[in-house]
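Take a look at the structure below.
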Amino acid sequence: MKADLILLHAPSVYDFRKKTIMFGPMSDLVPSTPIFEMYPIGFLTLSNYLEKRGFRVRIVNLAYRMQQDPAFDAERFISRLKAHAFGLDLHWLPHCQGSTEVAGIVKKYHPRAKVIFGGFSASFFYSELIAMDQVDYIVRGDSTEEPLARLMAAITKKKGDSKLADVPNLVYKQDKKVHANPLACISTDLEEIDFDYRIMFRQAVRYLDLKSLIPFTDWLRYPITTIPIVRGCVMECSGCGGSKSAFRQFGSRACPAYRSPQKLAEEIRKINRYIQAPIFLLGDINSNGPDYVQEFFDCARHLDDRIQIFFEFFSPPGKKFFDLAHKAFDHVLYEISPDSHQGSVRERMGKPRFSNEQLIQDIQYALGKGAVRFDLYFMTGLPGQDRDSVMDTVRFCRDLYQTLGWDKRFMPFISPMAPFLDPGSRAWANPQKFGYSLRTKTLAGHIEAITQPSWKYILNYRSRSLPVDALVDATYQAALGLNRLKAKAGAITSQVMQQNQNRILHAVETMEKIDRIMEEPDKHKRKAQLAALKKDTDRYSMSTVCEKKELEFPLFNRSFRWFHIIRDTICKAG
Ligand code: B12
Ligand code: SF4
């Protein structure tokens, strides 16, 4: 069946199955594999919004299909797709090569179909992106539902006469000129969108293709779902392309838009009706003030208290929050990303101000209240952070474990700021101030960077306080340290600890081998030697700094409620 729009998610590097790339730990702390096969949550809101307005939308996770089946012929698959338009996300900059390559293939087989780009990075690099032959349109900003609906009306001529010049946020080419319409559509309350996961099941039936909808590898085993509570952010973390000033720059957003607490609770209820698995509330609910938090928990009172829920915080929220959460839910996992244990590093980054004592007190209190787990996320490559500081983070976690009586519900993680320091961040705008130099600032430069043979060569920045070899080494050493601590606490088994350690040591070895190969002056020899390492680079780019499963909610329950799904969604699919 022909769709009006196919939303296509590409792997970060299109030919990842052929190229030798040691992506390293860059995706270790997210559910995806190193090709970042998870599509933006926006694919759901865009699908829901357009379907409600009479357009047929289909999500195709090409990255997942390619990752999951080595024999999957992506080009043939694309050639057989049928749609008036193809929407590609260039949300995360690491997809710069994959998305633009896939767009080229779409154009090759469907020259009359329109190619639309959207996402944070597409918005940021819009002038460079629109210059590419394979790109027809870019819809800028973080509120693209309505502009995309209007663009689709213009493309399909379904809804009367819609002119490109009238579509807000749109960038297009006409008469060999680029036109960038004003960023006039910016949602202030997110009322018009919904995170209704039923759309996935409807599409699966309509296009007889469940595989292409899978959000990431292993999702059917661990069907975690997410609901962002906000678009925008109140914070200004130095390397973040989703900070307050970054949003202003790429999306003209002056302040964050929060989802109403009622809607949040309702969406949690709906998801739980169909998929019984952990739900992650993305964004810090406390960042909208105590009344918002109270209102959310008032609404959450009516939810099934067996729901498994993740809350993330930008800073320790204080005891009251844990009291409220404990009252509403039986199974809660909390996480904070202090990034560094060192106050001066946090301060230089512009992280929220809090002391380690506050952090520790909150962790103790939350665990005392029966939290399922408390996770801390740390990073390497931060402003002013040196090797000692990274290794001190491990010592800080050891002391914290000691304070907590080696409670295995405490889980620390560490990973590098990789592959890129985000476009639009304060450090991107002013690298010197934050102790960095940037190796490239263009889209083309990043397309080249992401295909380099190891993450050391991919990184788009260099830190004055932690030169790149020291950054690589400190990251792996700190990971080894945390790995041992977690085993000591019983948070992972000694077998998992041993496996992690072996992978890390092999990863270090593989990085060294690549460095030696890079010294080979003969291009052809270099290529052949890299090709011989392909198996190792693939193997040691997955679950290196930790085992992927360590990130998961220690599950109590996970199941699809097929009866409800079939009755409420599939029977109504058209
Ligand atoms: C939630 C979140 C995640 C979730 C993703 C959930 C999901 N499936 O979307 C998780 C934790 C998994 C994640 C992972 C990563 N993230 Co993240 N993430 C965020 C966060 C905190 C919020 C994003 C959000 O609210 N999205 C909701 C809205 C705004 O986006 P959306 O609905 O998906 O998409 C809208 C538009 O972007 C656009 N759009 C998107 N695609 C398309 C396609 C078309 C055709 C059109 C028209 C429009 C369009 O329309 C949508 C609706 O209007 C932001 C920071 C922030 N404050 O924004 C970082 C952020 C987006 N992430 C970032 C990064 C770097 C990553 C990782 C690469 C990190 C890593 N190395 O592991 C991975 C990539 C994972 C992958 N793809 O596999 C950077 C991106 C910077 C950049 N420009 O590249 C950000 C800005 C900040 C940060 N450093 O964390 N992330
Ligand atoms: S890293 Fe900082 S600025 Fe970026 S989304 Fe998180 S809290 Fe906001």
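Details
- Positions within region 17-47 being free of Cβ contacts under 8 Å to residues at least 60 places away in the same chain and more than 6 Å from ligand 1 (Cβ to nearest atom), in sequence order: 17, 18, 43
- Applying the condition of being within 17 Å of residue 259 (Cα to Cα) and not polar (S, T, N, Q) to region 36-53 and asking which residue is surrounded by the fewest Cβ atoms within 10 Å (Cβ to Cβ) yields 41.
- Flag for residue 526 being touching a helix residue (DSSP H, G or I) at 6+ places or on another chain (Cβ under 7 Å), surrounded by fewer than 18 Cβ atoms within 10 Å (Cβ to Cβ) and either of a type in the set (Lys, Arg) or more than 18 Å from residue 392 (Cα to Cα) (or both): yes
- For residue 388, the requirement of being charged (D, E, K, R), closer than 24 Å to residue 544 by Cα, part of a loop (DSSP other than H, G, I, E, B) and assigned by TED's automatic domain parsing to the domain that holds residue 474 is not met.
- In region 476-523, the residues that are outside any helix (DSSP H, G or I) and either crowded, with 17+ Cβ neighbours inside 10 Å or not assigned by TED's automatic domain parsing to the domain that holds residue 405 (or both): 491, 492
- Any hit, region 221-232, residues being in contact with a Pro (Cβ under 9 Å, 6 or more places away or on another chain), hydrophobic (A, V, I, L, M, F, W, C), surrounded by fewer than 19 Cβ atoms within 10 Å (Cβ to Cβ) and assigned to a loop (DSSP other than H, G, I, E, B): no
- When residue 144 is tested against the conditions (1) more than 23 Å from the chain's Cα centre (by Cα); (2) modelled with pLDDT of 95 or more, the lone failure is (1).
- Neighbours by Cβ (under 8 Å, 6+ apart or cross-chain): first from region 391-412, among the acidic types (Asp, Glu); second part of a helix (DSSP H, G or I): 407/367; 407/401; 407/489
- Candidate set: region 233-270, residues that are assigned to a loop (DSSP other than H, G, I, E, B) and closer than 30 Å to residue 560 by Cα; chosen: the one farthest from ligand 1 (Cβ to nearest atom): 260
- Taken over region 425-443, the criterion of being part of a helix (DSSP H, G or I) and surrounded by 14 or more Cβ atoms within 10 Å (Cβ to Cβ) is satisfied by 426, 427, 428, 429, 434, 443.
- Of the set (1) over 25 Å from the mean Cα position of the chain (by Cα); (2) crowded, with 19+ Cβ neighbours inside 10 Å, all apply to residue 338 but (1).
- Pair list, Cβ under 6 Å, 6 or more apart: region 333-361 residue assigned by TED's automatic domain parsing to the domain that holds residue 386, other residue of a type in the set (Val, Ile, Thr): 333/372; 341/393
- Evaluation of residue 15 against (1) under 28 Å from residue 242 (Cβ atoms); (2) assigned to a loop (DSSP other than H, G, I, E, B); (3) among the charged types (D, E, K, R) (one fails), failing number: (1)
Let's see how each residue does on (1) closer than 29 Å to residue 513 by Cα; (2) surrounded by fewer than 17 Cβ atoms within 10 Å (Cβ to Cβ):
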site	(1), (2)
380	yes, no
387	yes, no
396	no, no
412	no, no
415	yes, no
445	yes, yes
449	yes, no
456	yes, no
461	yes, no
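- Residue count, region 48-73 (criterion: under 23 Å from residue 450 (Cβ atoms), touching a residue at least 60 places away in the same chain (Cβ under 8 Å) and aliphatic (A, V, I, L, M)): 2
The values are calculated or read from the model by the stated rules, or taken from the named source; none is laboratory data. Computed from a prediction, not measured in an experiment: that's the story for all the values here. FYI the Cβ positions are ideal-geometry reconstructions off the backbone, even for glycines, and counts take in every protein chain you see.
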